[in-house]
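See below for the structure under consideration.
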Amino acid sequence: MDRDNPSRLTVTRLQERTEALGPGLRAVVWFHGCALRCPGCIAKEMNESKENSSWCPDQLARWLLSLPEIEGVTLSGGDPFDQSPVALQQLLERIRADGRLSILCYTGRTLEQLERALPHPLRQSILDCLDVLIDGPYIEALNDGGIWRGSSNQKIHFLSPRYRHLEASVSTSTERRLEARIGASGSLELTGIPPRGFMEALHTRLSESGLQLEFDTSPPNL
């Protein structure tokens, strides 16, 4: 990981379009690594993989801002807040300065933990760039099918007015989306939040068929 390098971000996977992780059509950045290692995490293999790519914040922002038709960016992982806070701030501010794309961010920390842990000069500038923050560790027993979040302990914070009109409906919705596609290398790519036990069942069924679940971590063409 490049957490100790304040100028770089470590990325495991990028996706140009999805409707599974937030409102509207969105691009997704999955950062590499998470210190929490929640039991049942759907990104376990991704976080343990050594296949990742290093990006400077401006390079990643330029790629995201070049994508047509999307209305926002979702940051996931791993945990975005396990990256260099300086590089994360630069990425967020570059996207926000353009003014077109919304930003939704997942983290295994709570908002209160982030407010205590983030360096003071960066804390407010990072949080001010986010429209939606979905926080808290994944708890498998609380995976109740709620939209956008993995377990019911996680809170959806509407930090800007942009999607606040959705707050009431999102809090009660169980209309999750799970997208599957075959990547360029022939690997199966899943996007979204599966129901409890889904990944274990998928691994079992694939193994029985002589197949193995892998992640396509090839960087996009710039």
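For segment 1-103, the spread of Cα positions along the three principal axes, ordered from largest to smallest, is 35, 29, 19 Å.
For segment 139-178, state which GluC sites (Glu not before Pro) are in a DSSP loop and have at most 15 other beta carbons lying within 10 Å of their beta carbon. Kindly include the intermediate steps, with their values, before the conclusion.
Details: sites: E140, E167, E175; in loops: E175.
Passing sites in segment 139-178 are E175.
Roughly how many Å is it from the Cα centre of segment 153-171 to that of segment 63-116, as a whole number? Between the Cα centre of segment 153-171 and that of segment 63-116, the gap is 16 Å.
Distance between the 7 Å Cα→Cβ label points at L65 and H165: 2.7 nm.
Across segment 152-171, no residue has a backbone nitrogen under 11 Å from the label position 7 Å along the beta-carbon direction of R123. With the cut-off at 1.5 for a/c, could you classify segment 22-167 from its C-alpha gyration tensor as rounded, prolate or oblate? Cα axes put segment 22-167 in the rounded bin. For a paramagnetic label modelled at 7 Å from the Cα of E112 toward its Cβ, which residues of segment 122-156 fall within the zone defined by backbone nitrogen distances under 12 Å? Taking a point 7 Å out along Cα→Cβ of E112, no residue of segment 122-156 has its backbone N under 12 Å.
Taken together, the values in this text are just the output of simple stated rules run on the coordinates, not laboratory data. From a predicted model like this one, the values you see are computed outputs, not experimental measurements. Cβ atoms come from the backbone with ideal geometry, glycine included; neighbour counts cover every protein chain shown.
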